[in-house]
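What follows is one structure encoded as structure tokens, with my remarks underneath.
The values are calculated or read from the model by the stated rules, or taken from the named source; none is laboratory data. Values in this document were obtained by computation on a predicted structure and should not be read as measured data. Cβ sites come from the backbone with ideal geometry, for glycine too, and all protein chains shown count toward neighbours. Ligands, DNA and RNA are excluded from the accessible area calculation, which covers all protein heavy atoms including side chains. Shrake-Rupley method; radii C 1.70, N 1.55, O 1.52, S 1.80 Å.
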Amino acid sequence: MRRAGLALFALVVAVAVGAPWLAPNDPERAFSNLLYAPPTPVHAGAGGLYIHPQRLVSRLERRFEQDTARRAPLQWLTNGRLVSVDESQGGPLLVLGADVFGRDTFSRLIFGARTSLALAVLATAGALILGALVGGVAGYAGGRVDELLSRFSEFVLVLPAIYVALALRAVMPLVLPAETVFVALTVIFALLGWPIVARGVRAIVASERDRDYAAAALAAGAGPVRTLVLHLLPAAWSYLTVQATLLLPAFILAEATLSYVGLGFPDTVPTWGTMLQDAANVSLVAEAPWMLAPAAAIFIFVLAVNLTVQSTGRAPVQLEP
Amino acid sequence: MIRFLARRLLFALVLVVAVSSAALFLTRLAPGDVTSQLGPFASPQEIARVRAQYGLDRPAAGQWAAWVGRAVRFEFGDSFLYNRPVRGLVGRAAANTAVLAVVALTLATLIGIPLGVFTGSRSGVAATLVRAASLVCISIPPLLTSLLLVFVASRTRWFPTGGMTSVQALDVQWSAWIADVAAHLPLPALALALPIAATFERLQAQSMSDALHQPFLLAAIARGVSARDLIVRHAWPVSVRPICAVYGIAIGALLSGSFVVEYVTAWPGLGRLMFEALRARDIYLVAGCAATGGLFLAFGSLVGDLLLAAADPRAREAQAA
């Protein structure tokens, strides 16, 4: 189970990293005759794999027909892409169909994975560092500092995170460039994620501080900062890895939620959240179920992380949206 | 016990005041205010008049003091967006959210705990299947569950796809109105309940199997207690503690999750209202929603503590002290 989870996780990360190479089409390219075109089935025959070109039959009914008379062969390793179909031959290859602008859903999905994952990873790192610092200081200092920091982190902890994220994002101008959104969301998520990390780190550091090795470090002339960072915090390492596996999916979801309701990335940037907006249109999804692809991607990622955690003996707790 | 309740009340008060004040200041800081709704051709005099009418011309501290002064008399000001008193708007939305939350929590409890007792005390194909199903459910957050359920509902027409009532049900009899609401409830309630039910199942299964390995259970077996009594009367009361501990969190999570579900399924609850208010910079409505949400949270953590006290005599003593 743990291995399956790790493998799935590695697969998602690899696909995201290799997106420019794996994507059959440019994610921004709009095929004007292929709005909501269904996935192109791949056939095997003499001369390797091929597809039949798709032709628009009725724009009003969004009806497409496969031109079975023609065969467009799959090209491997051309133009810096793993697999694609040349447009002059009858492409494009649409693995997961096309969206409202006739853009390739699969290519957008794996390019979107880059933004969504990078955001989640950076925010997780931020939350872990912030939490380790606050928790470490609280646990090491004890007394009034501990009391103050612990009360504060408990207070942030009880707030429903998604509302705080909404409120913080909503006070910024509604339309922002993608880079600004990326930075803003990373900071907001890190600021919301640290308290749970801090609470655990505080407990660990507070109990480790009284151990002999810490006293030895202090006696050997190490200052409090050195003792805390180099000697005490490493004891919290395994706790931090577990927290990372809880924060990653939470942040993926937070991005998806915010972008879905229109407070995240602008619609033009492919992320799992902005792509999910298309899934909101009920009548459309009934006709074009491949619009649910980002939902499947999120599910696979969260499942991969949960499988990894599950077999370490801890019950995964999913209590945030 | 009285000291415990007093401390809880103080916590609730601090939470409500802090959350609503923070919401007020944040919205005040945001670029734009109600006068952006007047359009680009409003004269400066007009803008100044509207600002004065809503107290936006005063410094933030003065506005806050005036708001708190009225809020303690349960006067939360007027909503710009709806042009009505905030109290009535928030009251109705809070009632709708509460209905959804209570139904979802009841569903989650009724599904999750018996299944957890089952998988925690038994092994075999059925238990493995339940375990796998709950791992899948944990990995589908309410955002995806509600999208999927809306998709299923639109295909099968088993449920209405959104809203709380189908017609403007003002002139129908109250029994017909209740039936109508009940038809709209299952979809959002299930979307909220499934991940929480799965979390309960995992926690209950883990603590059940822990409890079954305790020495006192061996003693009970030796006394000849039947298998059913062993689980229901001896092991379960001990194993339910972790569930009680997350009940308070689950209520906060329901509030968070309900924003997403209310948004997707168009349930007219507190989350949707807060979202609309934030986007429109409707400052008093935001503060009113935040205050109500804070009350819900405080109530949730109180319920969690009381359940914990009921389940664990040690916690009762700690609280009384």
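Extent along the principal axes, Cα only, for the protein assembly as shown: 83, 76, 68 Å, with the longest axis given first.
How do A:219-232, B:258-271 rank on mean C-beta neighbours within 10 Å, highest first?
Values: A:219-232: 14.1, B:258-271: 25.4.
Peptide ranking by packing, descending: B:258-271, A:219-232.
Cut-off 10 angstrom, C-alpha nodes, Gaussian network model of chain B. Which of B:197, B:280, B:179 fluctuates the most? Its mean-square fluctuation being the largest, the pick is B:179. Of the residues A:286, A:138, A:244, the one that moves most in a GNM of chain A with alpha-carbon contacts below 10 Å is A:286. Estimated from the Cβ-Cβ distance and a Förster radius of 35 angstrom, the FRET efficiency linking residue B:29 and residue B:210 is about 0.10. Here the range B:86-320 has 68 percent of its accessible surface on carbon and sulfur atoms, given a 1.4 Å probe and all protein chains in place. Extent along the principal axes, Cα only, for the range B:45-89: 31, 25, 10 Å, with the longest axis given first. Interface of A with B. Using a 1.4 Å probe and counting protein heavy atoms only, the two chains hide about 4000 Å² of accessible surface, both sides summed. What separates the Cα centres of the range B:1-49 and the range B:97-132 is a distance of 39 Å.
Between residue A:213 and residue A:175, what length in nm is gained on full extension when 0.36 nm per residue of separation is reduced by their alpha carbon distance?
Values: separation 38, 0.36 × 38 = 13.68 nm, distance 5.33 nm.
Stretched out fully, the residue A:213 to residue A:175 stretch lengthens by 8.4 nm.
Available extension along the chain between residue B:299 and residue B:183 is 38.9 nm, counting 0.36 nm per residue and deducting the alpha carbon span.
Note on the range B:86-320: Kirkwood hydrodynamic radius from all Cα pairs is 19.6 Å, rounded to one decimal. For chain A, the direction-averaged projected area of the alpha-carbon convex hull comes to 20.8 nm². Plainly put, the range B:11-143 has a radius of gyration that is 1.23 times its Kirkwood radius, both from alpha-carbon atoms, as the Rg/Rh ratio.
Within the listed set B:115, B:308, B:29, the Gaussian network model of chain B (springs between alpha-carbon atoms below 10 Å) gives the highest mean-square fluctuation for B:29.
Legend: calculated FRET efficiency, residue A:222 to residue A:44, from the Cβ-Cβ distance at R0 = 60 Å, rounded to 0.05, equals 0.35.
Taken along the Cα-to-beta-carbon direction at a fixed 7 Å, the label points for residue A:3 and residue B:58 span 6.9 nm. Solvent-accessible surface of the range A:105-310, averaged per residue with a 1.4 angstrom probe and all protein chains in place: 39 square angstrom. The label point for residue B:65 and the one for residue B:92, both projected 7 Å from the Cα toward the Cβ, are 3.6 nm apart.
Inside 10 Å of the C-beta atoms of B:140-153, what's the mean count of C-beta atoms belonging to other chains? Intermediate values should be presented prior to the final figure.
On the way: counts 6, 13, 5, 12, 12, 2, 1, 10, 6, 0, 5, 8, 0, 1.
Counting other chains' Cβ atoms within 10 Å and averaging over B:140-153 gives 6.
Averaged over peptide B:25-31, the number of partner chain Cβ atoms lying within 10 Å of each residue's Cβ comes to 3. For the range B:91-159, what does the alpha-carbon gyration tensor say about shape, rounded, prolate or oblate, given a ≥ b ≥ c as the root eigenvalues, a/c under 1.5 as rounded, and a/b over b/c as prolate? Taking the square roots of the gyration eigenvalues as a ≥ b ≥ c, the range B:91-159 is oblate. Normalised by the number of residues in chain A, the mean separation of alpha-carbon contacts (under 8 Å, six or more apart) gives a relative contact order of 22 percent.
Put simply, the range A:40-93 fits an ellipsoid with semi-axes of 22, 13, 8 Å; these come from the alpha carbon gyration tensor as the roots of five times its eigenvalues, largest first. Rolling a 1.4 angstrom probe over the range A:1-135 with all protein chains present gives an accessible area of which 63% lies on carbon and sulfur atoms. Over the range B:1-102, what relative contact order in percent results from Cα pairs under 8 Å that are six or more residues apart? RCO, the range B:1-102: 14 percent.
Provide a whole-number value for the mean count of partner chain Cβ atoms within 10 Å of the Cβ atoms in peptide B:283-294. Could you put the intermediate results ahead of the total?
Details: counts 0, 0, 0, 3, 0, 0, 2, 4, 0, 0, 3, 3.
Neighbouring Cβ atoms belonging to other protein chains average 1 per residue here.
The value of relative contact order for the range A:40-93, using C-alpha pairs under 8 Å at least six residues apart, is 28 percent. With the cut-off at under 13 Å, measuring from each backbone N in the range B:245-285 to a point 7 Å along the Cα-to-Cβ line of residue B:310 picks out B:245, B:247-248.
Counted residue by residue at 0.36 nm each, then reduced by the alpha carbon distance between them, the extension gain from residue B:82 to residue B:279 reaches 69.6 nm.
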